[in-house]
Amino acid sequence: MASLTAARRIVVKIGSALLVDRVSGLLRGDWLTALAGDVARLKAAGADVILVSSGSIALGRGALGLPPTTLALEQSQAAAAVGQIRLARAYEEALAPHRITAAQVLVTLEDSADRRRYLNSRATLETLLGLGVVPIVNENDTIATDEIRYGDNDRLAAQVAVTVGADVLVLLSDIDGLYTANPAQDPTATRFDRIDRITPEIEAMAGDAGSGLSKGGMKTKLMAARMATAAGCAMAITEGSGLNPLTALENGANATWFTAQLDPQAARKRWIAAMKPRGILVIDAGAARALGRGRSLLPAGVTDVRGAFGRGDPVAIEDDSGMRLGQGLTRYTADEAQAIRGHQSTEIEDLLGYPGRAALIHRDDMAL
């Protein structure tokens, strides 16, 4: 099964019920302090860590004195606006003693559905991780409506894991894994230690019940597992209410592990290769050699731009003889690519009138 200490990149989902005391509505400070210690140990072992954290509405509800019943949309958004400040500050203060910088990243479903926003989100997260930062990701509840919501952080966490090419996704829950039946109702229910394939029979075992503060039930966790494992990311469901839950998981705490179907990078390359290209970039021999050595495609190596495409669209890469070398997700529109082709990356701002990314297609967004 997957190992946290051996992972290169880890996404951890934290539910409201773990972070916020359901009676008082206050942050569980001792729990968060212990989690920060877990994160520090993982980073010291060489892993990137991203936290997908609920809690803004729960914290804001308590601060505003709103009732513990279902809130109207505008009340939820107001609670999120108040709670997001408190949530970000709590993570900042918990990670600071370990000399770890935290960043708040707020997203909606539209950010992953739209290719341009998806690439921007990926680039931002990659930059933060490269700087040693721990991103704290949450759904942007202050603006999200039903049409643009994930609705639960299980699937949001899986999407983040896919976006950044994570090796392991951990869902810290109020239950220690997937059972054959609801263990609270059936004393004969048994837990799965490992699942290699999510079958219809396994899906039928998932119930909808969630805790009082959490929106996700077991069905959303299986949806997350299906999304993550197909992208090469192993996933664990484990009980997270105790102190140092990530250390406990690494030391063999009860959990259900879902095995990855592919290597994360191979899965992403396969996904890009399967897209229908919207245009063609023709490159010279020097650029072709650079791509063969694992480099990104820079504007200087492009000799021609064909087709109409936008930022984030898939485009084919060909050499001067018309041989298809691969394809990738472009960081520029067709018009922008036409303007900067054959030029050095340092000239992009002068040519376009605004700064741009150095690569026309980054190597991580390319399948050869």
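Could you tell me whether segment 81-94 includes any residue that is in the same structural domain as residue 132 (by TED's automatic domain parsing) and either among the hydroxyl-bearing types (Ser, Thr, Tyr) or part of a loop (DSSP other than H, G, I, E, B) (or both)? Yes.
For segment 328-357, the tally of residues that are among the aliphatic types (A, V, I, L, M) and on the phi > 0 side of the Ramachandran plot stands at 0. Within segment 9-30, being over 20 Å from residue 154 (Cα atoms) and either in contact with a helix residue (DSSP H, G or I) (Cβ under 8 Å, 6 or more places away or on another chain) or not assigned by TED's automatic domain parsing to the domain that holds residue 132 (or both) holds for 24, 25, 26, 27, 28, 29.
Highlighted here are the helices (runs of 4 or more DSSP H) found entirely within segment 170-275 that include at least 1 residues which are of a type in the set (S, T, N, Q) and over 18 Å from the mean Cα position of the chain (by Cα): 245-250.
Does segment 315-327 contain at least one residue that is at positive phi and assigned to a strand (DSSP E or B)? Yes, that holds for at least one residue. Considering segment 321-368 alone, what residues qualify as being touching a Gly at 6+ places or on another chain (Cβ under 8 Å) and loosely packed, with under 15 Cβ neighbours inside 10 Å? Of everything in segment 321-368, just one residue is touching a Gly at 6+ places or on another chain (Cβ under 8 Å) and loosely packed, with under 15 Cβ neighbours inside 10 Å, namely 349.
The residues in segment 28-67 that are hydrophobic (A, V, I, L, M, F, W, C), crowded, with 21+ Cβ neighbours inside 10 Å and outside any helix (DSSP H, G or I) can be counted, and the count is 4. Scanning segment 299-340 for residues that are touching a residue at least 60 places away in the same chain (Cβ under 8 Å) and closer than 14 Å to residue 287 by Cα yields one hit, 299. Residues of segment 273-298 that are in contact (Cβ under 8 Å) with a residue 60 or more places away in the chain and surrounded by fewer than 18 Cβ atoms within 10 Å (Cβ to Cβ): 273, 292, 294, 295.
Checking the stated criteria, residue 312 turns out not to satisfy the condition of being of a type in the set (Gly, Ala, Ser), closer than 18 Å to residue 363 by Cβ and out of contact with any Phe, Trp or Tyr (no Cβ under 9 Å at 6 or more places or on another chain).
The values are calculated or read from the model by the stated rules, or taken from the named source; none is laboratory data. Please read these numbers as outputs of a predicted model, since none were measured by experiment. Positions of Cβ are backbone-derived with ideal geometry, glycine not excepted, and every protein chain shown enters the neighbour counts.
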